[in-house]
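A.B. asks: Following this message is one structure expressed as structure tokens.
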Amino acid sequence: MNSDPFGRAGADAPKSGDAKAWLELSLLARAAGRSHRELRAFVPTAWELAQKVTHGDVDRVDTYAAAQATVLLARVLQQLAP
């Protein structure tokens, strides 16, 4: 069992290359509670949009939206950092 860096009892840490799982864990630890509910919902949506742009056939509007969501996500994560 890998030690969970977020202190979840009995939980394994995600694989080192699983960025999405690490991001979700970070959000659970740093953006907990009802006041951050929308933020926790936004992050996976932004992730999925970025994946669609990376791996799909999309137009410039989706590409623009994914770029803006990525910038927003990076800024929010900066604010959540300890």
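The values are calculated or read from the model by the stated rules, or taken from the named source; none is laboratory data. Owing to the predicted nature of the structure, the values given are computational and were not obtained by experimental measurement. Neighbour counts are summed over all protein chains in view; Cβ atoms, including those assigned to glycine, are modelled from backbone coordinates with ideal geometry.
A.B. asks: Kindly establish whether Asp57 is at pLDDT below 90 and at negative phi.
C.D. replies: Here the answer is yes, as Asp57 does meet what is asked.
A.B. asks: When you go through Ala11, Ala50, Ala31 one by one, which is the residue that is at pLDDT below 85, of a type in the set (A, V, I, L, M) and either touching a Gly at 6+ places or on another chain (Cβ under 9 Å) or surrounded by 13 or more Cβ atoms within 10 Å (Cβ to Cβ) (or both)?
C.D. replies: Ala11
A.B. asks: Can you tell me which residue in segment 36-78 is farthest from the chain's Cα centre (by Cα), limited to those that are of a type in the set (Gly, Ala, Ser) and over 23 Å from Leu25 (Cβ atoms)?
C.D. replies: So the residue we want is Gly56.
A.B. asks: Sticking with this structure for a sec: Any residue at all in segment 23-33 that is part of a helix (DSSP H, G or I), touching a residue at least 12 places away in the same chain (Cβ under 8 Å) and touching a Lys or Arg at 6+ places or on another chain (Cβ under 6 Å)?
C.D. replies: The answer is yes; a qualifying residue exists.
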